[in-house]
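Colleague: So that we are looking at the same thing, I have put the structure below in structure tokens.
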Protein chains: 2
Amino acid sequence: MKRSSKLSIALHVLGHMAVKPDEPFTSEQMASFAATNPVVIRRTLGQLREAGLVTSGRGKSGGWKLARAPESISIADVYRGLDERLYVGNKGGDENPAHCAIEIGLAGAIQGGLERAEVAFQSAIEGTSLADLAAALQR
Amino acid sequence: MKRSSKLSIALHVLGHMAVKPDEPFTSEQMASFAATNPVVIRRTLGQLREAGLVTSGRGKSGGWKLARAPESISIADVYRGLDERLYVGNKGGDENPAHCAIEIGLAGAIQGGLERAEVAFQSAIEGTSLADLAAALQR
DNA sequence: TTTCATGTAACTATCATTGTTACAAATAGG
DNA sequence: CCTATTTGTAACAATGATAGTTACATGAAA
């Protein structure tokens, strides 16, 4: 995982939301959960809203809620919703024309390995849900 | 793979070295192979020397050579020699005391997934050797 | 209509990586 | 011994990605 902390932030606040799935949380509340800034929360959860995992409302009694039951949202769903990848695509993916034959074979071998790693990662985190995270809090 | 390009650079120049395993290459030659700077090459191959994959000599007729036969050096060896990881450890690995129970369970789940991904990645690239890369050049 | 919260743009701050310059140290060869 | 060459490494600048911050328009509820 690159050095992004979006996934950690998102899962942390979603874990809190999962404890009280019907109560709206403001970005300010959640920012203090994750020790960050409200705008960072809105940006991050905004992506998850597009992915259909949360809903948001404006104005008084607005805020954020889970779109589905916590049991039905896996860590992997969140990971995919944030469009995270284990690796960042080679920045010259299309630009670098690969002058050298070595680069071709190389790219293929590495790429294949990364794809397998991605699959292994996602299936490993598929088994944990937001409800599992929330359960840790209630003990 | 984070956004480091060390691995690509290293494998590219090692591929060239594998074509003529007994001939020393200077960092300047290799810098032009990989379109980078001689110092970057020395830094990168320096790590691989510590890992026992290459040797270096100073002064006239100095330069770099593979320490073993190209067939016996896999892409995975190089990856490990560079101490690369699919993920960078959470920068607060020891610092952040993890205030919240959610963070604990979370870290465990993610960490487990990353370890599996790492294993999958390495075993996928274990099968390609420097000789395989060099072979691409000779056709 | 007032209050509160999101949505978003714009900018700054940090940090990791890469590139560059400079130079000491070592080695081969005359 | 002297010189040319090459590594080894420090120090610093350039670049780019990510996160944090400020500011404000927009929308909704009471």
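The values are calculated or read from the model by the stated rules, or taken from the named source; none is laboratory data. Not measured: the values here are computed from a predicted model. Using ideal geometry, Cβ is built from the backbone for each residue, glycine included, and neighbour counts are taken over all protein chains shown.
Colleague: Which members of the range B:101-139 meet the condition of being part of a helix (DSSP H, G or I) and touching a strand residue (DSSP E or B) at 6+ places or on another chain (Cβ under 8 Å)?
Modeller: B:ILE125, B:LEU130
Colleague: Cβ contacts < 8 Å: first residue modelled with pLDDT under 95, restricted to the range B:119-139; second residue in a loop (DSSP other than H, G, I, E, B), any location; separation 6+ or different chain. Result?
Modeller: These pairs meet every condition: B:LEU137/A:CYS100.
Colleague: Restrict the check to the range A:4-17 and report whether at least one residue is under 23 Å from A:ARG68 (Cβ atoms), of a type outside the set (D, E, K, R) and more than 17 Å from the chain's Cα centre (by Cα).
Modeller: Scanning the range A:4-17, I find no residue that is under 23 Å from A:ARG68 (Cβ atoms), of a type outside the set (D, E, K, R) and more than 17 Å from the chain's Cα centre (by Cα), so the answer is no.
Colleague: While we're here: Can you tell which of B:LEU53, B:LEU45 is away from every other protein chain (no Cβ under 14 Å), within 14 Å of DNA strand D (Cβ to nearest atom) and within 19 Å of A:CYS100 (Cβ to Cβ)?
Modeller: The match here is B:LEU45.
Colleague: Picking from A:GLU71, A:GLU28, which residue would you name as being under 16 Å from B:LEU106 (Cα atoms), over 11 Å from the mean Cα position of the chain (by Cα), more than 8 Å from DNA strand D (Cβ to nearest atom) and not aromatic (Phe, Trp, Tyr)?
Modeller: Step by step, each of A:GLU71, A:GLU28 is checked, and only A:GLU71 is under 16 Å from B:LEU106 (Cα atoms), over 11 Å from the mean Cα position of the chain (by Cα), more than 8 Å from DNA strand D (Cβ to nearest atom) and not aromatic (Phe, Trp, Tyr).
Colleague: Pairs only if they're at least six apart or on different chains, beta carbon under 8 angstrom, first in the range A:26-44 and over 13 Å from A:SER5 (Cβ atoms), second among the acidic types (Asp, Glu); list them, first residue then second.
Modeller: A:PRO38/A:GLU28
Colleague: Still on this structure: Could you list, in sequence order, all residues of the range A:1-40 that are touching a strand residue (DSSP E or B) at 6+ places or on another chain (Cβ under 8 Å) and of a type in the set (A, V, I, L, M, F, W, C)?
Modeller: A:VAL13, A:LEU14, A:MET17, A:ALA18, A:PHE25, A:MET30
Colleague: I'm trying to understand the selection: among the residues of the range B:66-85, which are farther than 20 Å from A:GLU103 by Cα and within 13 Å of DNA strand C (Cβ to nearest atom)?
Modeller: If the condition is that a residue be farther than 20 Å from A:GLU103 by Cα and within 13 Å of DNA strand C (Cβ to nearest atom), then B:ASP83, B:ARG85 are the ones that fit.
Colleague: Follow-up. Just checking: which of the helices (runs of 4 or more DSSP H) contained wholly in the range A:1-81 hold 2 or more residues that are over 30 Å from B:PHE121 (Cβ atoms)?
Modeller: Result: A:6-19, A:27-33, A:38-50.
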